[in-house]
Structure formats: C-alpha cells, structure tokens
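The values are calculated or read from the model by the stated rules, or taken from the named source; none is laboratory data. All values derive from a computational prediction rather than experimental measurement. No Cβ is skipped: glycine too gets one built from the backbone with ideal geometry, and neighbour counts run over all protein chains shown. Note: accessible area is taken over every heavy atom of the protein model, side chains too, but ligands, DNA and RNA are not part of it. Shrake-Rupley method; radii C 1.70, N 1.55, O 1.52, S 1.80 Å.
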Amino acid sequence: MPVTVLDPTTALIVVDLQTGLTGLPTVHPLDDIVANTAALADAFRAKGLPVVLVNVAGTAPGRTERGDGARDLPDGFTDLLPALDQQSGDKTVTKYTWGAFHHTDLADHLDKLGVTQVVITGVATSFGVESTARQAHEHGYHVTLVTDAMTDIGLAAHDNSTRHVFPALGETGATAEILALLCPRDHEAT
C-alpha cells in the first residue's frame, strides 16, 4: 500500500547513518540508502519540517547469546555521515539501545514541535529502524517507513521487517513517493 498522506507536522528520523557502521555488509548499497535519505532531509528542511539525526553510541546492558555487550568504540564511530549535511536546526539524538526513543528526549522534542507523524530511514532495518518504528507507534505517532532508504545486514531480516512488521506499524513507501507528497508541484507529470 502506498503512503497516503503526510501530516502537516511530520518529522524525518534518520537512524544510525554514521561512520562506525559504514563497514557493515549491507544487502543494499549503503551509498544509495544515504543518497535517498539525504534527498529526504533536504526536502524536509526546505519545508521547515523537523529532521532528527540519530546515532548509536553503545548497547543495552543485558546479556545476549551473541555477546555483543559494552565495548570501547573507535574514535569517530558516532560521527554522522557528511552526506546527510547536518544543519544547526537538526535535532541530534544519541542512543544506547536499538530504538531512538528509549532513555532519550526524542518524544519530548517531537511533542513540543507538535509532530504527529514520523518518516523513518536508516540502518539496520530489523534493528535500529524497526525498534524506532515500534517505539514511535507505541507513542502514538503515525509512522511511515521509507523502504528504499534503509538496509540491513541480512536479506531475510530486511524482508521480514518491510513485508510483515512495518505494515502493522504504519505505511511503507519509496523515497519518490515521500518527495511527491512533500513537494507535489515538483513531482507533477509534465
């Protein structure tokens, strides 16, 4: 189902497009994901809509079978990718769990701005993106997920999120569909 509408106060949330994650073996080229996200960020800014750039600086403290617990991160790991063209008006959120809302001020920030809908992009689809989408849904936001502006390290995980989980949390669509809703005159057929 295509994206139907964007609320007047919709925010873009970009999840974990940061230097420390650029070496991940993603199933879709990261350059394409970053380019699509950058186009969305530019369009949101041009419309005066909020842009939230999220980075991850740690993990939740619980034990896992993978043993991916706390570790020292290399210098620059949390630096946002330059292609996102971070602006002074953008909100930066640093998270220590998969989702961008847990133990951050993101919900308060969005509520103060009157945001009723969020558009989410980033990596990894089945981790940071899905967790952020679930939390946004639980906070009562309308959720839109831009499937060609996200990727994962596993195709099955990416497909499960985009085909089965995301339709239960909101609407999914492509970058071009979101841009057409943001700037309809720029995308009318000639």
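Key figures for this structure:
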item: Nonlocal amide H pairs with Ala60, under 5 Å, H built at 1.01 Å; result: Trp98
item: Bins of 5 Å, starting at 0 and running to the largest distance - Cα pair percent for the chain; result: 1, 8, 17, 22, 22, 16, 8, 3, 1, 0, 0, 0
item: Arg45, Arg163, Arg134, ranked by accessible area, largest first (probe 1.4 Å); result: Arg163, Arg134, Arg45
item: Approximate spin-label separation Ala168-Ala35, in nm, with each point projected 7 Å along Cα-to-Cβ; result: 3.4 nm
item: Distance between the range 82-138 and the range 11-58 - C-alpha centres, whole angstrom; result: 11 Å
item: Ranked order, Thr9, Thr19, Thr37 - accessible area, probe 1.4 Å, largest first; result: Thr19, Thr9, Thr37
item: Charged-residue dipole, Cβ positions (Lys, Arg, Asp, Glu), the range 30-123 about Cα centre, Debye nearest 20; result: 280 debye
item: Relative contact order (percent, whole number), the chain, Cα cutoff 8 Å, 6+ residue spacing; result: 29 percent
item: Gyration tensor verdict on the range 8-62 (Cα atoms; rounded if a/c is under 1.5, prolate if a/b is larger than b/c, oblate otherwise); result: oblate
item: Accessible area per residue, Å², the range 1-130 with all protein chains present, probe 1.4 Å; result: 51 Å²
item: Derived scalar couplings ³J(HN,Hα) [the range 108-124; Karplus, 6.51 cos²θ - 1.76 cosθ + 1.60; whole Hz; x for Gly, Pro]; result: 4, 4, 5, 5, 4, 8, x, 5, 10, 9, 10, 10, 10, 9, x, 9, 8
item: J(HN,Hα) series, the range 19-35, from Karplus relation 6.51 cos²θ - 1.76 cosθ + 1.60, nearest Hz, glycine and proline x; result: 3, x, 10, 5, x, 5, x, 7, 7, 10, x, 4, 4, 5, 5, 5, 4
item: Of all accessible heavy-atom area on the chain, the percent that carbon and sulfur account for (1.4 Å); result: 52 percent
item: Modelled FRET efficiency - R0 22 Å, Val5 with Asp108, Cβ distances, 0.05 increments; result: 0.30
